[in-house]
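Notes for the one structure printed next.
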Amino acid sequence: MEIYLIRHTTPEIEKGICYGQTDLDVAATFEEESEVILKQVLFDQNSIVYSSPLKRCTKLAHKFTKNITVDNRLMELNFGDWELLKWDNLPREKSDIWMNDFVNQPTPNGEAFIDLANRANIFFNEVIASTSKKIIITTHAGVIRAILSKINNIHLKDSFDIDVAYGQVFKITKQNNTLTLL
(Lines give C-alpha, C1' and ligand atoms only; values in the text may rest on other atoms or scores of the structure.)
Protein backbone atom coordinates (compact mmCIF):
# COMPACT_ATOMS: atom_id res chain seq x y z
CA MET A 1 0.00 0.00 0.00
CA GLU A 2 1.20 3.52 -0.85
CA ILE A 3 0.34 6.64 1.13
CA TYR A 4 1.29 10.10 -0.07
CA LEU A 5 1.39 13.04 2.32
CA ILE A 6 1.51 16.27 0.31
CA ARG A 7 1.90 19.77 1.66
CA HIS A 8 -0.17 22.40 -0.12
CA THR A 9 1.50 24.74 -2.57
CA THR A 10 2.61 28.27 -1.73
CA PRO A 11 -0.22 30.29 -0.15
CA GLU A 12 -1.08 33.84 -1.11
CA ILE A 13 0.18 35.66 1.98
CA GLU A 14 3.04 37.92 2.96
CA LYS A 15 6.00 36.19 4.61
CA GLY A 16 6.21 36.51 8.39
CA ILE A 17 2.47 36.27 9.01
CA CYS A 18 1.08 33.67 11.41
CA TYR A 19 -1.56 31.61 9.64
CA GLY A 20 -2.81 28.18 10.48
CA GLN A 21 -6.50 27.59 9.97
CA THR A 22 -7.03 30.84 8.06
CA ASP A 23 -8.51 29.87 4.68
CA LEU A 24 -5.91 31.38 2.36
CA ASP A 25 -5.94 31.09 -1.40
CA VAL A 26 -2.93 29.82 -3.37
CA ALA A 27 -0.21 31.97 -4.92
CA ALA A 28 0.02 32.71 -8.64
CA THR A 29 2.59 29.87 -8.94
CA PHE A 30 -0.08 27.23 -8.17
CA GLU A 31 -0.29 25.70 -11.66
CA GLU A 32 3.49 25.25 -11.98
CA GLU A 33 3.82 23.89 -8.44
CA SER A 34 0.93 21.46 -8.85
CA GLU A 35 2.35 20.13 -12.13
CA VAL A 36 5.55 19.13 -10.31
CA ILE A 37 3.48 17.32 -7.66
CA LEU A 38 1.31 15.51 -10.21
CA LYS A 39 4.44 14.07 -11.84
CA GLN A 40 5.49 12.56 -8.48
CA VAL A 41 2.14 11.02 -7.53
CA LEU A 42 0.36 8.97 -10.14
CA PHE A 43 -3.39 8.99 -9.51
CA ASP A 44 -5.41 6.01 -10.67
CA GLN A 45 -9.11 5.17 -10.37
CA ASN A 46 -8.48 3.10 -7.23
CA SER A 47 -6.75 5.95 -5.41
CA ILE A 48 -8.50 7.65 -2.50
CA VAL A 49 -7.88 11.37 -2.02
CA TYR A 50 -8.28 13.10 1.36
CA SER A 51 -7.85 16.79 2.00
CA SER A 52 -7.88 19.44 4.66
CA PRO A 53 -10.98 21.60 4.09
CA LEU A 54 -8.82 24.70 3.61
CA LYS A 55 -8.76 26.06 0.06
CA ARG A 56 -5.00 25.78 -0.34
CA CYS A 57 -5.37 22.00 0.11
CA THR A 58 -8.67 21.31 -1.67
CA LYS A 59 -7.47 23.08 -4.82
CA LEU A 60 -4.49 20.73 -4.93
CA ALA A 61 -6.61 17.66 -4.12
CA HIS A 62 -8.94 18.52 -7.01
CA LYS A 63 -5.96 18.36 -9.39
CA PHE A 64 -6.07 14.59 -8.78
CA THR A 65 -9.84 14.08 -8.86
CA LYS A 66 -13.11 15.88 -8.18
CA ASN A 67 -14.03 13.02 -5.82
CA ILE A 68 -12.18 13.97 -2.63
CA THR A 69 -12.97 13.38 1.03
CA VAL A 70 -12.50 16.45 3.21
CA ASP A 71 -11.62 15.93 6.86
CA ASN A 72 -11.24 18.69 9.47
CA ARG A 73 -8.62 16.64 11.33
CA LEU A 74 -6.23 17.47 8.48
CA MET A 75 -6.33 21.20 9.24
CA GLU A 76 -3.22 23.08 10.30
CA LEU A 77 -2.66 24.21 13.88
CA ASN A 78 -5.29 26.62 15.18
CA PHE A 79 -3.30 29.69 16.19
CA GLY A 80 -6.40 31.31 17.72
CA ASP A 81 -5.87 35.00 18.50
CA TRP A 82 -2.57 34.96 16.59
CA GLU A 83 -4.10 34.12 13.19
CA LEU A 84 -3.01 36.71 10.60
CA LEU A 85 -0.75 38.62 13.00
CA LYS A 86 2.91 39.19 12.17
CA TRP A 87 5.09 36.75 14.10
CA ASP A 88 7.30 39.68 15.12
CA ASN A 89 4.30 41.52 16.61
CA LEU A 90 3.02 38.71 18.86
CA PRO A 91 2.91 39.61 22.57
CA ARG A 92 6.36 38.53 23.73
CA GLU A 93 5.27 37.27 27.17
CA LYS A 94 2.71 34.91 25.60
CA SER A 95 4.75 33.84 22.58
CA ASP A 96 7.75 33.00 24.79
CA ILE A 97 5.59 30.71 26.94
CA TRP A 98 4.25 28.99 23.82
CA MET A 99 7.67 28.69 22.17
CA ASN A 100 9.13 27.08 25.29
CA ASP A 101 6.49 24.31 25.21
CA PHE A 102 4.54 24.48 21.94
CA VAL A 103 3.82 20.76 22.21
CA ASN A 104 1.63 21.15 25.31
CA GLN A 105 0.94 24.89 25.53
CA PRO A 106 -1.99 26.11 23.40
CA THR A 107 -1.87 29.47 21.69
CA PRO A 108 -4.38 32.01 23.09
CA ASN A 109 -7.82 30.69 22.05
CA GLY A 110 -6.07 28.15 19.83
CA GLU A 111 -4.57 24.71 20.29
CA ALA A 112 -1.34 23.04 21.32
CA PHE A 113 0.69 20.92 18.90
CA ILE A 114 -0.23 17.77 20.87
CA ASP A 115 -3.88 18.46 19.97
CA LEU A 116 -3.03 18.65 16.28
CA ALA A 117 -0.85 15.53 16.54
CA ASN A 118 -3.60 13.54 18.25
CA ARG A 119 -6.29 14.42 15.68
CA ALA A 120 -3.93 13.92 12.72
CA ASN A 121 -2.70 10.53 13.90
CA ILE A 122 -6.20 9.30 14.76
CA PHE A 123 -7.23 10.22 11.20
CA PHE A 124 -4.12 8.58 9.70
CA ASN A 125 -4.56 5.34 11.66
CA GLU A 126 -8.25 5.09 10.72
CA VAL A 127 -7.53 5.66 7.03
CA ILE A 128 -4.65 3.20 6.68
CA ALA A 129 -6.65 0.53 8.54
CA SER A 130 -9.69 0.97 6.30
CA THR A 131 -8.23 0.21 2.87
CA SER A 132 -5.33 -1.24 0.93
CA LYS A 133 -5.75 1.27 -1.92
CA LYS A 134 -3.35 4.09 -2.72
CA ILE A 135 -4.04 7.05 -0.42
CA ILE A 136 -3.28 10.67 -1.32
CA ILE A 137 -3.53 13.26 1.47
CA THR A 138 -3.24 17.00 0.81
CA THR A 139 -2.60 18.80 4.06
CA HIS A 140 -0.29 21.13 6.01
CA ALA A 141 3.23 21.08 7.41
CA GLY A 142 2.08 20.61 11.03
CA VAL A 143 -0.04 17.58 10.17
CA ILE A 144 2.75 16.04 8.10
CA ARG A 145 5.30 16.59 10.86
CA ALA A 146 2.97 15.02 13.43
CA ILE A 147 2.38 11.90 11.31
CA LEU A 148 6.04 11.51 10.34
CA SER A 149 7.09 11.98 13.96
CA LYS A 150 4.85 9.10 14.98
CA ILE A 151 6.06 6.84 12.15
CA ASN A 152 9.74 7.60 12.82
CA ASN A 153 9.41 7.66 16.62
CA ILE A 154 10.54 11.30 16.87
CA HIS A 155 9.40 13.32 19.88
CA LEU A 156 6.99 16.09 18.89
CA LYS A 157 9.31 18.74 20.35
CA ASP A 158 11.85 17.70 17.69
CA SER A 159 9.37 17.48 14.82
CA PHE A 160 10.34 20.88 13.42
CA ASP A 161 13.65 19.30 12.46
CA ILE A 162 11.61 17.65 9.69
CA ASP A 163 11.74 20.03 6.74
CA VAL A 164 8.38 20.27 4.96
CA ALA A 165 8.46 22.62 1.97
CA TYR A 166 5.46 23.87 0.03
CA GLY A 167 4.39 21.19 -2.42
CA GLN A 168 6.65 18.56 -0.89
CA VAL A 169 5.58 14.94 -1.32
CA PHE A 170 6.30 12.25 1.27
CA LYS A 171 5.77 8.64 0.19
CA ILE A 172 5.03 6.02 2.83
CA THR A 173 4.54 2.33 2.25
CA LYS A 174 2.59 -0.04 4.45
CA GLN A 175 3.59 -3.67 4.25
CA ASN A 176 2.69 -6.28 6.88
CA ASN A 177 1.51 -3.47 9.18
CA THR A 178 4.91 -1.79 9.00
CA LEU A 179 5.05 1.83 7.82
CA THR A 180 8.18 2.99 5.99
CA LEU A 181 8.97 6.50 4.82
CA LEU A 182 10.71 6.26 1.45
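The values are calculated or read from the model by the stated rules, or taken from the named source; none is laboratory data. Remember, it's a predicted structure, so these values are computed and weren't measured experimentally. Positions of Cβ are generated from backbone atoms using ideal geometry, with glycine treated the same way; all protein chains shown enter the neighbour counts.
Points to keep in mind about this one:
- The residue of the range 5-30 that is surrounded by the most Cβ atoms within 10 Å (Cβ to Cβ), among those that are out of contact with any Phe, Trp or Tyr (no Cβ under 7 Å at 6 or more places or on another chain) and among the β-branched types (Val, Ile, Thr), is Ile6.
- Exclusive hit being without any contact (Cβ under 8 Å) to a residue 60 or more places away in the chain and small (Gly, Ala, Ser), set Ala27, Ala61: Ala27
- Qualifying helices (runs of 4 or more DSSP H) (wholly inside the range 80-180; at least 1 residues being in contact with a Leu (Cβ under 8 Å, 6 or more places away or on another chain) and not small (Gly, Ala, Ser)): 113-130, 141-151
- Meets criteria (under 21 Å from Leu77 (Cα atoms), surrounded by 15 or more Cβ atoms within 10 Å (Cβ to Cβ) and either out of contact with any strand residue (DSSP E or B) (no Cβ under 6 Å at 6 or more places or on another chain) or of a type in the set (Lys, Arg) (or both)) for Val164: no
- Taken over the range 26-62, the criterion of being touching a Pro at 6+ places or on another chain (Cβ under 7 Å) and either in a loop (DSSP other than H, G, I, E, B) or at pLDDT below 95 (or both) is satisfied by Ala27 alone.
- Residue within the range 99-122 that is of a type in the set (Asp, Glu) and modelled with pLDDT under 95 present: no
- Candidate set from the range 104-143 (those that are surrounded by 15 or more Cβ atoms within 10 Å (Cβ to Cβ), under 20 Å from Ser51 (Cβ atoms) and hydroxyl-bearing (Ser, Thr, Tyr)); member that is farthest from the chain's Cα centre (by Cα): Thr138
- Every pair of residues 6+ apart whose Cβ atoms lie under 8 Å, when the first sits in the range 91-105 and is in contact (Cβ under 8 Å) with a residue 40 or more places away in the chain and over 17 Å from Phe160 (Cβ atoms) while the second is of a type in the set (Gly, Ala, Ser) and part of a helix (DSSP H, G or I): none
- Gln45 meets each of the listed conditions (1) within 17 Å of Ala165 (Cα to Cα); (2) surrounded by fewer than 17 Cβ atoms within 10 Å (Cβ to Cβ); (3) not β-branched (Val, Ile, Thr) apart from (1).
- Some residue of the range 74-84 being crowded, with 17+ Cβ neighbours inside 10 Å, of a type outside the set (Lys, Arg) and farther than 19 Å from Pro11 by Cβ: no
- Within the range 167-176, the set of residues being more than 15 Å from Ile135 (Cα to Cα) and over 14 Å from the mean Cα position of the chain (by Cα) comprises Asn176 only.
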